[in-house]
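The next block holds one structure in the form of structure tokens; read it before the comments.
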Amino acid sequence: MARTPHDHVRQRAEALVRAPQHPGELARLLVLEQRAFQAEAEVRRLDHCEARLAVSSARRKHPRGSNP
């Protein structure tokens with residue numbers, strides 16, 4: 001089941017609170033941080049793709065050298 005970045009951040013915060021009393025939480029915390037970083041990277045990648053597509057679409061509508 002896919003989780004949202006918000007879910008990863010919430011779970012990470014919970015693990016951080018428990019970590020001092022439960023050393024075993026470190027592994028869980030590292031996995032949760034990895035998932036949060038991956039989710040953030042995916043959002044940045046999708047934003048990048050969206051920007052590329054917008055530029056490409058604008059260039060097709062108005063090629064260089066043509067008068068709109």
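Every number in this text was worked out from the coordinates using simple rules, so none of it is lab data. Owing to the predicted nature of the structure, the values given are computational and were not obtained by experimental measurement. Note: ideal-geometry Cβ built from the backbone for every residue, glycine included; neighbour counts use all protein chains shown.
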Sorted peptide list for 56-64, 19-27, criterion being average Cβ within 10 angstrom, highest first
19-27, 56-64
Estimated Rh, the chain: Kirkwood, alpha-carbon pairs, angstrom:
14.8
